[in-house]
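**Q** To start, I am sharing the structure in question, which I have written as structure tokens.
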Amino acid sequence: MANSDSSTPLPSPAPLAPKKENITPIGSKIAELNESRTELLSRIQGLKQDMQNWRSKLDTQVKIYRNELSELKKSLNVEVEQLRSEFQELRNTLQQQQEDVTTSLKNLGLQDSLADAKDVQDPKVEDKDEEIHASAEEDTGKKAEN
């Protein structure tokens, strides 16, 4: 039986043929996958470059807008300070005018009260005022008659 075992043909040639047939499509698929991989890597690199460009442009725009906002803020602060200064000047002017009016009114009030005090102290002044008023009325009456 030992002889019969050695005389049995080996089945290895038959399975090798289908493997060779499978190797050819696998090789082409590997080549396709490699091409696809290369294409994807190229696309990824392009997208990365696009994103870097976009980010750079965005950063530039942000810097420009920040500078513009900073200048606007400075300008606005200057204008606000000018307005504050002008309003303070107006307040001061109004207060001064109010004080002047108050002083004038007090002076007029004092003059009135001084005149009243003189009238009370000097009855002759009162009589003279009445005489002046009476003569003015007489003059007015005479003119009206003519």
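Every read-out reported here was derived from the displayed coordinates using simple, explicitly stated rules and does not represent laboratory data. As the structure is a prediction and not an experimental result, all values here were calculated from the model. Every residue, glycine among them, receives a Cβ derived from its backbone with ideal geometry; neighbour counts consider all protein chains shown.
**Q** Just grab the label-to-label distance for L41 and D100, each label 7 Å out from Cα along the Cβ direction, in nm (one decimal).
**A** 8.9 nm
**Q** Separate question: Report ³J(HN,Hα) in whole Hz for each residue of the range 39-53, in order, from the Karplus equation J = 6.51 cos²θ - 1.76 cosθ + 1.60 where θ = phi - 60°; Gly and Pro get x.
**A** Values per residue, Gly and Pro as x: 4, 5, 4, 5, 4, 4, 4, x, 5, 4, 5, 4, 5, 5, 5 Hz.
**Q** Report ³J(HN,Hα) in whole Hz for each residue of the range 55-64, in order, from the Karplus equation J = 6.51 cos²θ - 1.76 cosθ + 1.60 where θ = phi - 60°; Gly and Pro get x.
**A** For the range 55-64, the Karplus-derived couplings read 4, 5, 5, 5, 4, 4, 4, 4, 4, 4 Hz, x marking Gly and Pro.
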